[in-house]
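The values are calculated or read from the model by the stated rules, or taken from the named source; none is laboratory data. Note that this is a predicted model, so its numbers are computed, not measured. Neighbour counts are summed over all protein chains in view; Cβ atoms, including those assigned to glycine, are modelled from backbone coordinates with ideal geometry.
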Amino acid sequence: MSQPSLSQARARFTASSIRWGFMWAMWCAVLWGAWYLPGSAVWFEAPYVDLSYDTNAELLLAAAVLTTFNAVAVLFFLFVWNGVLGKWGEYLRTLRQMRYISKWFFIGAIFGGPMAIFGSYLAIGYIGGAFAAISALMYPIIGATLARLWYQEKITRRAAVGIFIILAGGVTVYAPGIMAEINGTGDAGWLGYLGGAMAAIGWGVEGAIAGRGLDVADPDVGITVRFTAEVLYWVVLILPGIYLFTDQPVVELVTATFNWAAIGWLMLAGVTFAFCYVSWYKSFPLIGVGRGQAIAALYGLFAVIFLAAFTLKFPEWNFLAGLVLFVAGGFVMFTEGNDVLEVVRAVSSDREKANAAADAGNL
Amino acid sequence: MNKLHMKGRILQLINAQQDVGIWDWQVADALLAEYGLSGAYWRGNTRVTLTDLFSSGIIESVEETLDDQAYFGKGRVLFKFRLNDFGRQRMRDTALV
């Protein structure tokens, strides 16, 4: 056994685990971007296209029912996925650890579901798919900051620069539209803007909480527990709550949603979002929550491309400028040295010293 | 059958060896035997979980060698892992010790 080939194999191991981390995050971005297509299209099907939307309550109800169906569809595909992987047993074993593990995914689901996904459907309903996609792009700042403060995730200067460039891309893409909205008609879409902000904050917080839960749980299983929680929130708490305490036609809307066109789009939304979330959770342990989120934020780019291809409305100059910034920011982060990324957290310094000495002895 | 989830059990297996550490293939063998699993898929799955734990800074490498027996695959690295302080803290947080 020659030493060089061990060190080569070791370098290959590090490079491959980092590459997998970035690949998962990239997959997440593609599928996440694709999700905005069915997520927008379903608004143009019965019963949602027939609603008058005279009141905010009507639109809020529509978004709530859509998010519920979205969550059920995602959970269905996650169960299929775990079946293929042979992880149903692991799902039950993890779910049972409610006090120590599942609670993190249940808390994360509050931020990811009723906050972020519901907020996104609101933003789509009030303003549009491209706006919803782009308005949530700030979320990696929140996720990376929390991960840094909570469990000492490394945010190097290069990673910070990459995050900043990606965010500058986000601003470039959406600032002109928002300025027009502010200078123009006024308060028409304020709930849509609130929804966009809810999405950004919700996904940022969810990612940081997920990073904590994934320390001791399998990603494929962890994401399934998280969507189990979201389905419970909607089906057992929120929709029954709306039914009991308001006079909104929640049962009628749920029943009317069972038509081929609406369910078809919602199944497509489910399959894209299920695997986007699987990839998101798989990337976190490998490259860290901050980097995973920043690369996954490229979904903004893919969403704009997919929506443009589908609606034949081509993006404006500022979208293209944003695109360049997204790619540049991702490239800055991707070219980070492997030695920095091998372990994504700055864990206890005396151990690291001992480890460095041991490594030196091995070489 | 009230078994622990696998990632938790893996941490216990590593922690049981204290500072000496345990080889990744030993972890995989012990885990697969306990859960009644076998084959390259589950060995690989265990290796992926160990990689997650290593990247997250929960376990650290004590010793490394080439996978000459092709346990996980020829030309790959075998790792001897041990818990670090952060990992032990996570185990206490999660009531694994």
Subject >> Residue that is within 7 Å of chain A (Cβ to nearest Cβ) and at pLDDT below 95, where the choices are B:49, B:94 >> reply: B:94
Original post:
Which one of these is within 17 Å of residue A:295 (Cα to Cα), crowded, with 20+ Cβ neighbours inside 10 Å and not basic (Lys, Arg): A:32, A:27, A:20?
Top reply: A:32
**OP:** Would you confirm whether any residue within segment A:292-309 is under 25 Å from residue A:118 (Cα atoms), within 14 Å of another protein chain (Cβ to nearest Cβ), at pLDDT 85 or above and under 22 Å from the mean Cα position of the chain (by Cα)?
**Re:** yes
Original post:
Which ones in segment B:14-32 are within 15 Å of residue B:53 (Cα to Cα) and among the acidic types (Asp, Glu)?
Top reply: B:24
**OP:** Would you check if residue B:64 is under 30 Å from residue A:99 (Cβ atoms), in contact with a strand residue (DSSP E or B) (Cβ under 7 Å, 6 or more places away or on another chain) and of a type in the set (Asp, Glu)?
**Re:** no
Subject >> Residue check for residue A:231: surrounded by 14 or more Cβ atoms within 10 Å (Cβ to Cβ) and touching a His at 6+ places or on another chain (Cβ under 9 Å) >> reply: no
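Could you tell me whether any residue of segment A:241-250 is surrounded by fewer than 16 Cβ atoms within 10 Å (Cβ to Cβ), β-branched (Val, Ile, Thr) and at pLDDT 95 or above?
The answer is no, given that none of the residues of segment A:241-250 is surrounded by fewer than 16 Cβ atoms within 10 Å (Cβ to Cβ), β-branched (Val, Ile, Thr) and at pLDDT 95 or above.
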**OP:** Could you tell me whether residue A:212 is crowded, with 19+ Cβ neighbours inside 10 Å, within 14 Å of chain B (Cβ to nearest Cβ) and at pLDDT 80 or above?
**Re:** yes
Original post:
Given segment A:1-102, what helices (runs of 4 or more DSSP H) lie entirely inside it while holding 3 or more residues that are of a type in the set (D, E, K, R) and under 24 Å from residue A:115 (Cα atoms)?
Top reply: none
Original post:
So residue B:70 clears everything in (1) touching a residue at least 40 places away in the same chain (Cβ under 8 Å); (2) more than 10 Å from chain A (Cβ to nearest Cβ) except one condition, right? Which one?
Top reply: (1)
**OP:** Go through the residues of segment B:63-83 one by one and say whether even a single one is crowded, with 18+ Cβ neighbours inside 10 Å and of a type in the set (Gly, Ala, Ser).
**Re:** no
Original post:
Does at least one position in segment A:62-85 carry a residue that is at pLDDT 95 or above and within 12 Å of chain B (Cβ to nearest Cβ)?
Top reply: yes
**OP:** Could you please give the count of residues in segment A:215-228 that are within 14 Å of chain B (Cβ to nearest Cβ) and surrounded by fewer than 24 Cβ atoms within 10 Å (Cβ to Cβ)?
**Re:** 1
Original post:
When only residues in segment B:13-39 that are without any contact (Cβ under 8 Å) to a residue 40 or more places away in the chain and within 13 Å of chain A (Cβ to nearest Cβ) count, which is farthest from residue B:91 (Cα to Cα)?
Top reply: B:39
**OP:** Would you be able to tell me the number of residues in segment B:74-91 that are closer than 17 Å to residue B:26 by Cβ, more than 9 Å from chain A (Cβ to nearest Cβ) and not aliphatic (A, V, I, L, M)?
**Re:** 3
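Results for (1) under 21 Å from residue A:60 (Cβ atoms); (2) in a helix (DSSP H, G or I), shown as yes or no for each residue.
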| position | (1), (2) |
| --- | --- |
| A:209 | no, yes |
| A:226 | no, yes |
| A:231 | yes, yes |
| A:243 | yes, yes |
| A:248 | yes, no |
| A:281 | no, yes |
| A:286 | no, yes |
| A:302 | no, yes |
Subject >> Given (1) over 11 Å from the mean Cα position of the chain (by Cα); (2) surrounded by fewer than 21 Cβ atoms within 10 Å (Cβ to Cβ); (3) within 27 Å of residue A:154 (Cα to Cα), index of the condition residue B:55 fails >> reply: (2)
**OP:** Return a yes/no flag: does segment A:313-324 have any residue that is crowded, with 20+ Cβ neighbours inside 10 Å and modelled with pLDDT of 85 or more.
**Re:** no
**OP:** Can you confirm whether segment A:35-57 contains a residue that is within 21 Å of residue A:221 (Cα to Cα) and in contact (Cβ under 8 Å) with a residue 40 or more places away in the chain?
**Re:** no
Original post:
Mind checking which pairs have a first residue in segment A:4-17 that is more than 8 Å from chain B (Cβ to nearest Cβ) and a second that is not aliphatic (A, V, I, L, M), Cβ under 7 Å, 6 or more apart or different chains?
Top reply: A:14/A:338; A:14/A:342; A:15/A:338
**OP:** Name, by its number, the condition in (1) farther than 16 Å from residue A:283 by Cβ; (2) among the β-branched types (Val, Ile, Thr); (3) buried (at least 24 other Cβ atoms within 10 Å of the Cβ) that does not hold for residue A:142.
**Re:** (3)
Subject >> Scope segment B:1-33; condition touching a helix residue (DSSP H, G or I) at 6+ places or on another chain (Cβ under 7 Å), modelled with pLDDT under 95 and farther than 25 Å from residue B:85 by Cα; matching residues >> reply: B:3
**OP:** Give the residue, chosen from A:254, A:278, A:271, that is within 14 Å of another protein chain (Cβ to nearest Cβ), closer than 30 Å to residue A:76 by Cα and of a type in the set (A, V, I, L, M).
**Re:** A:278
